[in-house]
Amino acid sequence: MPFTKLQHQLDERAALGLLRSRRTLTSQQSPHISVDGKPYLAFCSNDYLGLANHPQLIAALQQGAQQWGVGAGAAHLVNGHFASHHQLEQQLAGFVGKPAALQFSTGYLANLGVVQALVGKGDTVFADKLNHASLNDAMQLSRADVKRFRHGDVAQLAQLLAKTPSGRKLVITDAVFSMDGDIAPLREVLALCEQHDAWLYVDDAHGFGVLGAQGRGSLAHFGIASERIIYMATLGKAVGVSGAFVAAEQVVIDTLVNLAHSYVYTTASPPALPVAVLESLQLIAQGDGLRTHLFGLIEQLRKGLSNLRWQLMPSDTAIQPLLIGDNKEALTLSDSLKERGIWVAAIRPPTVPQGTARLRITLSAAHTDADVDNLIGALHELAR
């Protein structure tokens with residue numbers, strides 16, 4: 001049979017506790033969800049501000065659909081670039097303090113497009129070893145030389161940059177690392193880019209909307225700005241809608257419009273979505289109360305789990321990984337929480353390094369203190 005080898009690969013993954021499968025939500029996105037018809041308290045969404053269900057965003061999307069229709073019909077460079085797309089790009093650029101911005105359908109497509117368009121043969125990409133999979137794929141697609149440095153190791157990055165005298169140099173890093181929750185040393189990395197004439201590409205998928213003044217992201221969090229920075233953030237996490245954008249100097253954006261394959265050769269996102277994103281940007285800018293509540297929940301969780309036999313990894317963000325180690329133990333713990341009506345995803349290799357399987361606990365401003373206490377109590381019970 002032609003599929004025997006495929007089935008064998010799946011069987012091997014299952015034996016190692018690495019087989020993945022999907023579960024179907026039968027409710028709206030919120031801390032209290034229904035999965036396959038059963039109710040759960042969920043701690044695995046990236047809806048950090050609880051906006052995915054916000055009535056103002058729902059109304060904005062409805063209004064956008066009435067005004068612009070449902071589908072874009074074509075790529076941006078044909079006749080799929082609507083006034084709503086254009087307005088959103090202008091607002092996003094201003095929100096993060098950049099001259100221009102470009103909207104992509106997903107963060108994955110943004111990463112593929114940017115790296116492929118800006119570097120190629122004879123150039124070099126320098127990448128943190130814990131960068132998101134989409135950035136790793138983008139490096140391979142670009143055909144540039146790739147030099148990876150130890151996670152957050154600025155000294156090793158400096159050595160690698162010093163040994164690369166020619167070609168374009170692009171340093172790539174997540175801002176908030178999606179499986180660890182820690183924040184990259186962006187200030188130090190930018191200083192190296194200035195010293196060695198390199199670009200800095202920052203993937204702020206998990207920082208935008210949460211970190212910095214008015215939720216303007218990780219650059220605002222550190223108070224840094226530079227023409228060398230090319231900034232990407234997603235619109236389906238804290239923003240609560242869908243898509244992504246890249247903000248940079250105008251010449252960079254013009255280059256992407258012409259050379260980024262994942263932008264040029266794909267149908268534009270539905271023109272109603274930017275209307276909802278614009279509404280969300282207003283809520284984010286006015287959302288200091290949401291962020292204050294979220295960071296209070298983070299402190300509550302870390303204090304409540306401080307003496308557990310499984311250790312929370314160092315993180316000051318909404319991503320709070322509980323390190324388990326063994327794949328099957330992580331799955332067992334996740335399943336035991338599900339039996340108690342609590343949904344927390346078990347993350348295993350290759351998403352994380354071997355021997356570091358974990359529960360990836362994510363908090364949202366939509367959670368209550370009682371929700372977090374519920375999780376803390378269940379984990380202490382299971383630890384006993």
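The values are calculated or read from the model by the stated rules, or taken from the named source; none is laboratory data. Source: prediction; values computed, not measured. Note that each Cβ is placed from the backbone with ideal geometry, even for glycine, and that neighbours are counted across all protein chains shown.
For this structure, a couple of remarks:
- Some residue of the stretch 110-120 being over 18 Å from residue 271 (Cβ atoms), modelled with pLDDT of 95 or more, surrounded by fewer than 19 Cβ atoms within 10 Å (Cβ to Cβ) and assigned by TED's automatic domain parsing to the domain that holds residue 189: yes
- Pairs, first farther than 23 Å from residue 348 by Cβ in the stretch 360-384, second assigned to a helix (DSSP H, G or I) and hydrophobic (A, V, I, L, M, F, W, C), C-beta under 6 Å, six or more apart: 365/290; 365/294; 367/297; 372/297; 372/301
One line per residue, one yes/no per condition, for (1) modelled with pLDDT of 95 or more; (2) polar (S, T, N, Q); (3) assigned to a loop (DSSP other than H, G, I, E, B):
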site: 11; (1), (2), (3): no, no, no
site: 14; (1), (2), (3): no, no, no
site: 18; (1), (2), (3): no, no, yes
site: 23; (1), (2), (3): no, no, yes
site: 27; (1), (2), (3): no, yes, yes
site: 34; (1), (2), (3): yes, yes, no
site: 51; (1), (2), (3): yes, no, yes
site: 64; (1), (2), (3): yes, no, no
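- Total residues in the stretch 127-150 satisfying the condition of being touching a strand residue (DSSP E or B) at 6+ places or on another chain (Cβ under 6 Å), more than 14 Å from residue 203 (Cβ to Cβ) and touching a residue at least 24 places away in the same chain (Cβ under 8 Å): the figure is 1.
- Search result, residues across the stretch 307-324 that are out of contact with any helix residue (DSSP H, G or I) (no Cβ under 8 Å at 6 or more places or on another chain) and modelled with pLDDT under 95: 307, 311
- Residue within the stretch 163-173 that is within 16 Å of the chain's Cα centre (by Cα) and among the aliphatic types (A, V, I, L, M) present: yes
- The number of residues in the stretch 297-332 being over 25 Å from the mean Cα position of the chain (by Cα) and not in a loop (DSSP other than H, G, I, E, B) comes to 5.
- Count of the stretch 121-159 residues which are buried (at least 17 other Cβ atoms within 10 Å of the Cβ), touching a helix residue (DSSP H, G or I) at 6+ places or on another chain (Cβ under 6 Å) and either basic (Lys, Arg) or not assigned by TED's automatic domain parsing to the domain that holds residue 255 (or both): 1
- Candidate set from the stretch 36-49 (those that are of a type in the set (Ser, Thr, Tyr) and outside any strand (DSSP E or B)); member that is surrounded by the fewest Cβ atoms within 10 Å (Cβ to Cβ): 45
- Matching residues, the stretch 334-356, being part of a helix (DSSP H, G or I) and over 26 Å from residue 129 (Cβ atoms): 335, 336, 337, 338, 339
- Residue count for the stretch 259-274, restricted to those that are within 21 Å of the chain's Cα centre (by Cα), closer than 18 Å to residue 120 by Cα and of a type in the set (A, V, I, L, M): 1.
- Qualifying positions in the stretch 66-81 - out of contact with any helix residue (DSSP H, G or I) (no Cβ under 8 Å at 6 or more places or on another chain), surrounded by 13 or more Cβ atoms within 10 Å (Cβ to Cβ) and assigned to a helix (DSSP H, G or I): 80
- Filtering the stretch 160-177 to residues that are surrounded by 22 or more Cβ atoms within 10 Å (Cβ to Cβ) and out of contact with any strand residue (DSSP E or B) (no Cβ under 6 Å at 6 or more places or on another chain) leaves only 177.
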